[in-house]
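The values are calculated or read from the model by the stated rules, or taken from the named source; none is laboratory data. Note that the structure is predicted; figures quoted are calculated from it, not measured. Because the Cβ atoms are built from the backbone with ideal geometry, glycine has one as well, and the counts that use them run over all protein chains shown.
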Amino acid sequence: MKKDEKIEEILLSDENYEKVLKKKTEKDFEESLNDNFLQENKEITDIKSVPSEMLFSKFATYEVINRQSKTRSYISGLQAEGFLGSNITERKKLLAGETDSFVNGEMFVKFIKVKI
């Protein structure tokens, strides 16, 4: 009966209930964060080892070098696919792992990594 009285007392006092609820929510949040940190993000840098469906995904990273302005930037696989356009031969080579880069006008695009 003492347990029931304690629960009733907590429920009757809004302040105590809010504290208990806040502690529980905080604990759940910390557990979910710890679960996410325990999962290791694997990075693949060899294009031959990358699954073909991941090559042009948001998890892939490409380096773009502008030969004219001598600038360097990084883009996702989705953007790299846009740079590739309708160049079917280069697309097939990339998907087969035969090459890890291509040229589009003044842009040199090179595969860097994919996070799984």
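The residue that is modelled with the lowest pLDDT, counting only those in region 30-64 that are of a type in the set (Lys, Arg) and exposed (fewer than 10 other Cβ atoms within 10 Å of the Cβ), is 42. Screening residue 92 on (1) within 21 Å of residue 46 (Cβ to Cβ); (2) in contact (Cβ under 8 Å) with a residue 24 or more places away in the chain shows it passes everything except condition (2). Note on region 96-116: residues that are surrounded by 14 or more Cβ atoms within 10 Å (Cβ to Cβ) and under 17 Å from residue 58 (Cβ atoms) total 5. Per the listing 56, 83, 108, the residue uniquely in a loop (DSSP other than H, G, I, E, B), of a type outside the set (Val, Ile, Thr) and at negative phi is 56. Restricting the first residue to region 43-71 and requiring it to be without any contact (Cβ under 8 Å) to a residue 60 or more places away in the chain, which pairs with a second residue that is surrounded by 11 or more Cβ atoms within 10 Å (Cβ to Cβ) and assigned to a loop (DSSP other than H, G, I, E, B) meet a Cβ separation below 6 Å and a spacing of at least six or different chains? Matching pairs, first to second residue: 48/97. I need the full set of residues from region 65-95 which are surrounded by fewer than 14 Cβ atoms within 10 Å (Cβ to Cβ) and basic (Lys, Arg), in order please. Passing the criteria: 67, 70, 72, 92.
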